[in-house]
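Novice: One structure is given below, represented as structure tokens, and several questions about it will come after.
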Amino acid sequence: MTNFDIEAFYDGHCPLCAHEVRVLRRLDRRQRIRFVDIADEGFDAGSVGVPWEALMDRIHGRLPDGTLVEGVEVFRRLYTAVGFGVLVAPTRLPGIAQLLDLGYRWFAKNRLRLTGRCVDGACELPGARRPGSCPPGRQNRKTTPAAR
């Protein structure tokens, strides 16, 4: 038996994402979830095998066998890991599953704007992150271009 059910890759600078991780940590009494903050300076996307920008586009998770999952399936696995499997089961039903996938895709596309992380009206992440560089979203929202 493995010592975890899922490893979740989340954006620790997203206020809503960070809040959900805090809730899940409290619920994870059996410590079945590994959380990895992809906004952390030491995070290496190469260790996941997914480009950093793709990890920022939508939530990803890795199962003990190395299988990658993304989007709503990550949340299904997270909430099952903390004991809510009975509540998760209906999210797989036809119609409900598609509606949740659609809703999550909309949220993921608008996440930066919805969580107040647009800089000077721009909500897109800059190009590829260089090793050791400050991850997008770390900049202070009120920072002026000259001060960056």
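The values are calculated or read from the model by the stated rules, or taken from the named source; none is laboratory data. None of the values given here were measured: they were computed from a predicted structure. All Cβ positions, glycine included, derive from the backbone under ideal geometry; neighbour counts span all protein chains shown.
Novice: Within region 67-116, track down each residue that is surrounded by 16 or more Cβ atoms within 10 Å (Cβ to Cβ), at pLDDT 95 or above and outside any helix (DSSP H, G or I).
Specialist: VAL69, GLU70, GLY71, VAL82
Novice: While we're looking at this one, here's another question. Tell me which residues, restricted to region 46-66, are surrounded by fewer than 18 Cβ atoms within 10 Å (Cβ to Cβ), assigned to a helix (DSSP H, G or I) and hydrophobic (A, V, I, L, M, F, W, C).
Specialist: ALA54
Novice: Which of the residues that make up region 117-138 are at pLDDT 65 or above and within 19 Å of ASP37 (Cβ to Cβ)?
Specialist: Restricting attention to region 117-138, the residues satisfying the condition of being at pLDDT 65 or above are 117-123.
The answer is ARG117, and nothing else.
Novice: Here's something else I'd like to know. Here are ALA39, ALA18: which of them is part of a loop (DSSP other than H, G, I, E, B) and of a type in the set (A, V, I, L, M)?
Specialist: Step by step, each of ALA39, ALA18 is checked, and only ALA39 is part of a loop (DSSP other than H, G, I, E, B) and of a type in the set (A, V, I, L, M).
Listed here are the residues, each with its yes/no results for (1) within 20 Å of GLY83 (Cα to Cα); (2) small (Gly, Ala, Ser); (3) out of contact with any helix residue (DSSP H, G or I) (no Cβ under 8 Å at 6 or more places or on another chain).
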| position | (1), (2), (3) |
| --- | --- |
| GLY12 | no, yes, no |
| PRO15 | no, no, yes |
| ASP28 | yes, no, no |
| ILE33 | yes, no, no |
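Novice: Output the number of the condition that ASP40 fails; it satisfies all remaining conditions of (1) surrounded by fewer than 14 Cβ atoms within 10 Å (Cβ to Cβ); (2) touching an Asp or Glu at 6+ places or on another chain (Cβ under 9 Å).
Specialist: (2)
Novice: In the list VAL72, VAL82, VAL86, which residue meets the criterion of being in contact with a strand residue (DSSP E or B) (Cβ under 9 Å, 6 or more places away or on another chain) and farther than 19 Å from ALA39 by Cβ?
Specialist: Values: VAL72 fails: in contact with a strand residue (DSSP E or B) (Cβ under 9 Å, 6 or more places away or on another chain); VAL86 fails: in contact with a strand residue (DSSP E or B) (Cβ under 9 Å, 6 or more places away or on another chain).
One residue alone meets the criteria, VAL82.
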